[in-house]
Structure formats: structure tokens, C-alpha cells
1. Looking at the square roots a ≥ b ≥ c of the eigenvalues of the Cα gyration tensor of the stretch 558-671, which shape do they give, rounded for a/c under 1.5, prolate if a/b is larger than b/c, or oblate?
2. Could you state the orientation-averaged shadow area of the convex hull built on the Cα atoms of the chain, in nm² to one decimal?
3. Residue farthest toward the positive end of the dipole of the stretch 18-67, with Cβ of Lys/Arg at +1 and Asp/Glu at -1: which of 59, 49, 18?
4. Applying a 10 Å radius around every beta-carbon, put 542-553, 54-65 in order of their mean neighbour count, most first.
5. So if I restrict to the alpha-carbon atoms in the stretch 471-512, what is the Rg, and what is Dmax, the biggest pairwise distance, in Å?
6. Convert each backbone phi in the stretch 38-46 into a coupling constant with the Karplus relation 6.51 cos²θ - 1.76 cosθ + 1.60 (shift: θ = phi - 60°), then list the ³J(HN,Hα) values in order as whole Hz, x for Gly and Pro.
7. Could you look at the stretch 344-403 and say what percent of its accessible area is carbon and sulfur, using a 1.4 Å probe and all protein chains?
8. Report relative contact order for the stretch 222-337 in percent, whole number only (criteria: Cα-Cα under 8 Å, sequence separation at least 6).
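The values are calculated or read from the model by the stated rules, or taken from the named source; none is laboratory data. Predicted model only: the values in this text are computed from it and were never measured. Please note: Cβ atoms are built from the backbone with ideal geometry, for glycine as well, and neighbour counts cover all protein chains shown. Accessible surface areas use protein heavy atoms only, side chains included; no ligands, DNA or RNA. Shrake-Rupley method; radii C 1.70, N 1.55, O 1.52, S 1.80 Å.
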Amino acid sequence: RAAPREDPAQQRARARMHFEAGEFDAAAALFGTAAAAQPDDASAHLELALALERAAQPAAAARAAADALALAPGDGPTLRHAARLFDHLRAAGPDDDARADPAVAAMARANALLARGAWTDARAALEAALAARPGLPFALQRLACLAALDGDHERADALFRQSGGQGLPPDEYIRLSRAWLAQLDGDAAALEAQSGARPEGAPDAPPADADAVFLVCCDPAYFRRFAHALVASLREHAGVRLALHLHLVNPDPWLPEEAAALTPGGWIRAVQVTTETRALDSPDAAKTYYACARLFRLPQVLARARVPVIAADIDLLALRGIAPLVDLARRDDVALLRWQPPGWRLWDGTSASVAVFAPGPGALRFARLAARYAERFIDRPGGAWYLDQIALVAARALLEGNGARVGAIPPDWLALYDRDGEAAAPAAMFWSVTANLPANAAATRGALFGRHLPRTRRAFGWTLPGSDAFFPEVLARAPTAEGRRRWDFDLMRLCIARARARRRALDIGGHVGFWSDWLARAFERVDAFEPAALMRDCFRANVAHANVTLHDCGLGEAPTRVAMAVAADNTGMSHVAPGAAGDTAIRTLDSFGFDDVDFVKIDTEGYEARVLRGAEQTLRRCRPLVLVEQVDSLAGRYGEPPEAAAALLARFGARRAAELADNNLLFDWPD
């Protein structure tokens, strides 16, 4: 008997197994059969494209990606994969891959011609690609770039609108004709008229012993995530004397105090912090402005500096001495990081991650033109992606060889990798988080990043563990009361309101004092229990109430000693290490003999049932309101059954009064 025929879903499942095993030719064959049977399924064509790419068949991969894109125009993942495939297409000669899709073959020819600067022939190849596949976004975008270079802004705008409508940024804000740029460069009145877009406050001149100014601009979120690590790495590794200029856009009330912690030391001789406030009407507009803020600040800094100015992203670490950057300023007025040799897209060859400006008129003119260009489009509704990059490209297009010497920073001076350890290349000076966005979260949790973080730092009025990324994020959205952002604020107020009396409150799992600081305002006495030393140090810095006692132990079912597992990026998830001996003391609550407890909060990351077994006498005697976190998966790490804590409280005689957010259960006692 013949074997039953596989349906397309089974073929695709088997193809994925081959793909994961690295058998890309077999995967491509199966995906191809499935795509032929499902001609209207965009995902089938996209899977085929990815397999063909890994099987070293770029033209066939691009054709499959184009088929997927035609079925799902504007779909983000499909667009990204297709863009990568089309970017890498290159034709070796006129007969290269004669069997390819005509549009794909024409795009391959166009890319090769664009890389050689043969714009006229490239334009003809792009028109041929559009004739074969009308509306192909990559051909539209390339033609728009060529029109912008020719100064045909009306046609460029129309083409960018078409490609932008399919999700390809940037769109109608590229102006690279020499006549247009020359007018912008010479229009001093326009600079003054648009001065409101630039930050207020005059920068200080750097100290006399500084070898360079290091300029970074950011918003509060990026400051809290990256500033401490960057500054620590510069202190240790810069190798030249720096004046650090930190410019903050739209700071919140807590940010000046937090920025003040970035003090001189090591290679950093001086720190200046400037701020500005600007209304931004959308997340895209905000991102655009934050990216361009360094361009608006740069002319003012350059005008006062007698030394080179290094403008850089804040999400970097200095891994080597940066003296080679300072040396570039002796050779060129401006040196820009180039990710790769200039290709078909005008903005690909330049990155705003690192730029070096020499003191003097050439660099100052370059910086002013880039700032004016960005100002021209900064208020465009919805923002303008890559505007900072394009502003640098525009300044270079006019001034390179005509008023400024413009050079390139070697790409390997910025290490792009997603693992811990030493720099990826011997010449690497910086490690970039954003350059590897898919690994961003993992990278900031790694040892390389973590060793540059302080032990503790301030955020939103609190002292937090320096490595904690979770609480700064959630506090940024939390309500404010008594001069601080408040974690669990609504839950705290609800519990206080439901307590029958307000003599003593117990904060079991005190962490850094979020609960104790507020409970102290409502109860006569508060006893907090926190077994982790780092959290206790933060607690003492945060909670200054005379009616609060912090106990340097954890609570459990019997006296013992344990080891603590501290979760670096979310320290609220720190917990007793299961089965591990250590030097952290555990006591029972009953051993304290409290007889006036009116509220108990227990949040011990799965250890709650063990806490309750050692608290039975106190709870039965005092009958307090009890808030307990109950996460079954966390309790399981200690061998506890689901809802073990809830079952124990019920056995003690308490009743479940409410189920609240974030797995919190509230118990009271019958009258």
C-alpha cells in the first residue's frame, strides 16, 4: 500500500524539524512543496524564503520573500525578513541567475550598480524591477533616494510616500540636493527662527586639564537604564581625561538627584548636567527628538570647547582606552562611525552611535548644518525615523571637501556582539547594547554589563540595588505620594483601610522598604523582616521612621540558616535557595512573642507556607488581617502543593476575604 500523502501542515512541520537540525536543503524542498500547495498563505512563503536563504540560494529566497510580501503587504516580520534578503542581493554579471524572478534579478543588478555609484544604470534596473512587480517597496525606496540626490524632491516625496505606506522608513524628509543644502547652510536667519527647538542653558567650558568632552543626550528611561554603567566604564577605561556633558530631555522631578550621583572620578575630570523640557505629541516624535537632541546641543558645546567633542549614545560601555578617538580629531574635522561601506540607502553608511568633532570652524559648521537639518523636520507629525542619521549624511554631502574634512571611525571600534566576556576585536573600544537589540534584555543582565553597575543607586526617590532593572521601570508608571513613586500603592491603601486596628504591622519580605515606609504612616509600630543584606542596606536608606524596626533575618517554620538567591535584574524575586545551606538566619515569627499584630504582609517568593507554619500561634492569638502572595509555581520550588499558604490560613481559622491583583490573597477572621 502507498504511504498516506502528507498535507501541507505536516510538510511544514517536518520542514521545521529539518531546519532546526541545520538541514536547510531538505527544509527548503519541503517548504517549497507546502508553499506550492498553499499559494495564498504568506507565512508558507516566508518560511520557504528563510530556508532558501540558509541554503545559500539568495535569489530564490528573495523571490519567496517577495511572494510573501505581496500576500501580506506592510506586515512587520515579513517586511523585515524581505528587506534583509533584498539588501544582500548582488548580481555578479548580466547573466547572473537567468532563471530568477525578473524583479529579483533586476533588484540584484540595481544593488550592484548602486554600490558602484552607477546611478543612471541603477535607476533603469529599478524601473525594470517595478515593471515586473509593481509596488515593490524596496525598488520604490531606492528610486526615491536617487530622486532626492538629484534634487527632484517632488518625485522623491511621492516615491517615499508609496514605500512608507508599506512600512519602509524613512519617507518624505530627505533633501540632499546641493542647492537646497547650501541655502540651509547659509540661512542664519532660519537658525535663529528655529532656536526654540534647541535646548536652553549655556554649557560650561571644559576644565583646562580635559583632553576631550564626552557628550551624551537621553530621556529619563535611558538614563536610568544605562547612564551608571557608561560612566563607570569611562571612569575605568577611558585612558584620556574627560569632561562628561550629560544632557537630559524632559527630566522628571527625581532625575536631578539621580544625575548628581554621577560624580567626577578616575578618567572623568568634570561632570556637567543640563536639561530641557519639550512637549512631544507621540512616542515616535519623542524617540526622534531624543535621538536628535545631541545634534541640537552639539554646536553650543563645540563653540565653548577647546578640545575634541565625542558625541555618543548612552547605551555603550567603554572597553578600551578611547585615545584613538581623540587622535581622529587631529586628522579630520569630523569622524563618523560607519557600520558598513556606503550602500544603496543613503543613511546606511553613517551611524549616530559615535561621532568625533574637532575644535574649530570646520566641525562647528558641520554641526550647525546637521542641527539645522534636523530642526527643519523635527516637528513633523509622528516623528521622523533615522532623522539624526540623515542629518549627518546631509551635512557630509554638502561639506565633505567643501569646508570640512570628514573621516570614518572604523566599525570594529564599536564591538557588536551578544555575549559576555572581552571585546570582540582587539581594536574594540565600545560595546553597544542597542546595536544588538534582540539581545538587549539578556545583555543588560549579563556579567559584562553588570560589573559596571553601582551596588546601589537612586531612582524616583528610592535607593535601589544597582543592578535592578525591573523596579525603575514599574516606578516610572507608579503613582506619587509624599515625594516618591509608590509601588503597590493601591494595594497598600486597601489593606490599611481594612485593618480593624492599627497597632503593629509586619512586613515579611521587606525588600527595600516600599511597604514599611507607608505602613509606618498608619500603624503605631512596624516590624520588617528582610534576609538579604543588599536589600537591608537599601531599606535603611529608604525608611527613616522611628517606629520601624528592621530585623536582619528571614522567617520560616523552624530556626535554621539558609543561602539567599538574589535575582539581579528584579531583586523583588530574590528568595531562599532551595536546599542550600548558608549564613542567613531564619527564625519563626512565634519566637518574637508579638501580641498586638493587626496586619501582616507576606511576600517571600514561594516560602510563604513555611513562614506561616512558624507563625501559627501569633496568628491565632492576634487574628490580624493577612495579605499573602500565593504563586503555585514559586511554592513548588520548596515542594509545597498549590495554594499551600491559603490552606494553612484556612486551617488556622482565617477566611479568604478577597483575591487581589498579582496573585495576592487577603484573609481576615470571622467575628
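1. It comes out oblate by the Cα gyration axes.
2. Directional mean of the projected Cα hull area for the chain stands at 37.5 nm².
3. It is 59.
4. 54-65, 542-553
5. 12.1, 34
6. The phi angles translate into 10, x, 9, 9, 4, 5, 5, 5, 5 Hz.
7. 46
8. That works out to 38 percent.
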